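These notes concern the structure reproduced below.
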């Protein structure tokens, strides 16, 4: 039972990510509309499913246009034109429609053989070695490969791209993009050259789609193209890594659930939703109120940051019942918050689901007795994405 005294939001990072769930439950039970007094400016935290869902849908009141962290002045520090995740409709809607042309069900299916081949090669390597770090060998390289492919980065450039991506993802996670200014500059310079190349010789990728499109009757600007590439690099890498790491831990800790999936592989599709719900790689993001708003008798003033604590909402007993904290790969899930909701529902959700399904299918097929060691795992820094930096793996289950 959560204690009222524990209903205090403290941002997590690195090792403190190991178990944030008692804090979440205390907030849900005792202070679901919670005010945090911070040196950089007070902010609010919503922890119940219904409140988070309502705020995510109401973009007119809870705006993304002033940044997604609980820090004030975030957009000024970014120093570039706002990427799509920091736009509100209607500007966001028009750009989103263009971007989603690359994520139709058909196009997502077409990349499946490439993803499966990549995963099988990496899992076979782990199986041959017997032991290793599954994050370094599979869970981190896989989304980087998919993002590079989706953006049209040639194979010969993948090494440089992966290095820039890692530097940007790491600094973005800690809220200090300036620490990766060299990588950001190099990546932007690279993409400006790639944009010109795609204008001359378009391919079957996101950048080619956008350079041939129009926005309000005009070609999509280079700034918006760079913003889209930046969003995919920062949003499509560590989140999938986080999902896969947590799923591997859940399969290790719940052998009964693993057995269900080995005996009935088609159930993996539904299991991925359960892993998404429990892992919630993006634990929370902030919006900014555009007007005074009252929630559960508490008034949040206009201009205040409000943290939407997705991970807490995804374990809310009021939505998922008394077993909300348990892993049940056969749980019927009507909805969850792992990809947010409404206008800002993650445009890469389908491809993230695909990566997770394939990676877990192949792990269970090729290494049915695998195990990971959650206690020896190391968590990455950053206040918003919960992911492993390293996770020891044993192909035989003897870890």
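The values are calculated or read from the model by the stated rules, or taken from the named source; none is laboratory data. Keep in mind that what you see is a predicted model, and the values were worked out from it rather than measured. A quick note on method: Cβ atoms are made from the backbone with ideal geometry, for glycine too, and the neighbour counts reach across all protein chains shown.
Whenever a residue of the range 183-202 is over 18 Å from residue 150 (Cα atoms), its partners that are modelled with pLDDT under 90, lying with C-beta atoms within less than 7 angstrom and at least six residues away or across chains, give the pairs 183/164; 183/167; 183/168; 184/168; 184/177; 186/164.
Among the residues of the range 120-138, write down those that are touching a helix residue (DSSP H, G or I) at 6+ places or on another chain (Cβ under 8 Å) and in a helix (DSSP H, G or I). Residues satisfying the conditions are 120, 122, 123, 124, 125, 126, 127, 134, 135, 137, 138. Of all residues in the range 17-34 being without any contact (Cβ under 8 Å) to a residue 60 or more places away in the chain and touching a strand residue (DSSP E or B) at 6+ places or on another chain (Cβ under 9 Å), which is nearest to residue 289 (Cα to Cα)? Here the residue is 34. Restricting attention to the range 373-382, the residues that are more than 28 Å from residue 117 (Cβ to Cβ), surrounded by 20 or more Cβ atoms within 10 Å (Cβ to Cβ) and modelled with pLDDT under 95 total 1.
Is it fair to say residue 217 is over 16 Å from residue 151 (Cα atoms) and under 17 Å from the mean Cα position of the chain (by Cα)? Give the derivation first.
Numbers: over 16 Å from residue 151 (Cα atoms): yes; under 17 Å from the mean Cα position of the chain (by Cα): no.
Against the criterion (over 16 Å from residue 151 (Cα atoms) and under 17 Å from the mean Cα position of the chain (by Cα)), residue 217 does not qualify.
Being in contact with a strand residue (DSSP E or B) (Cβ under 7 Å, 6 or more places away or on another chain), modelled with pLDDT of 85 or more and either surrounded by fewer than 21 Cβ atoms within 10 Å (Cβ to Cβ) or not in a helix (DSSP H, G or I) (or both) is a description that does not apply to residue 203. For the range 60-96, which positions are in contact with a strand residue (DSSP E or B) (Cβ under 9 Å, 6 or more places away or on another chain), closer than 20 Å to residue 338 by Cβ and either assigned to a helix (DSSP H, G or I) or at pLDDT 95 or above (or both)? Selection gives 62, 85. Of the listed requirements (1) surrounded by fewer than 20 Cβ atoms within 10 Å (Cβ to Cβ); (2) touching a residue at least 60 places away in the same chain (Cβ under 8 Å); (3) closer than 25 Å to residue 66 by Cα, residue 267 misses just one: (3). Scanning the range 161-184 for residues that are part of a helix (DSSP H, G or I) and either at pLDDT 80 or above or under 23 Å from residue 70 (Cβ atoms) (or both) returns 168, 169, 170, 171, 172, 173, 177, 178, 179, 180, 181, 184.
Among the residues examined, residue 118 qualifies as surrounded by 14 or more Cβ atoms within 10 Å (Cβ to Cβ), closer than 26 Å to residue 358 by Cα, out of contact with any strand residue (DSSP E or B) (no Cβ under 9 Å at 6 or more places or on another chain) and at pLDDT 80 or above.
Name every residue in the range 342-372 that is part of a loop (DSSP other than H, G, I, E, B) and either surrounded by fewer than 20 Cβ atoms within 10 Å (Cβ to Cβ) or modelled with pLDDT of 95 or more (or both), in order of residue number. Let's see the steps before the verdict.
Our first condition is that a residue be part of a loop (DSSP other than H, G, I, E, B); within the range 342-372, this holds for 345-348, 367-370.
Matches in the range 342-372: 345, 346, 367, 368, 369, 370.
Every condition in (1) at pLDDT 90 or above; (2) under 24 Å from the mean Cα position of the chain (by Cα) is met by residue 195 except one, and the failing one is (2).
In the range 226-235, is there at least one residue being over 25 Å from residue 91 (Cβ atoms) and touching a residue at least 24 places away in the same chain (Cβ under 8 Å)?
Of the residues in the range 226-235, the ones over 25 Å from residue 91 (Cβ atoms) are none.
The answer is no; no qualifying residue exists.
Would you say residue 131 is loosely packed, with under 15 Cβ neighbours inside 10 Å and in contact with a strand residue (DSSP E or B) (Cβ under 7 Å, 6 or more places away or on another chain)? Considered against the rule, which asks whether it is loosely packed, with under 15 Cβ neighbours inside 10 Å and in contact with a strand residue (DSSP E or B) (Cβ under 7 Å, 6 or more places away or on another chain), residue 131 comes out as yes. Within the range 13-58, take every residue that is in a loop (DSSP other than H, G, I, E, B), touching a helix residue (DSSP H, G or I) at 6+ places or on another chain (Cβ under 9 Å) and at pLDDT 95 or above and give me the one that is surrounded by the most Cβ atoms within 10 Å (Cβ to Cβ). Here the answer is 47.
Can you say whether residue 108 is at pLDDT below 95 and touching a helix residue (DSSP H, G or I) at 6+ places or on another chain (Cβ under 6 Å), as far as the supplied structure shows? I'd like the intermediate steps shown before the answer.
Values: at pLDDT below 95: yes; touching a helix residue (DSSP H, G or I) at 6+ places or on another chain (Cβ under 6 Å): yes.
Against the criterion (at pLDDT below 95 and touching a helix residue (DSSP H, G or I) at 6+ places or on another chain (Cβ under 6 Å)), residue 108 qualifies.
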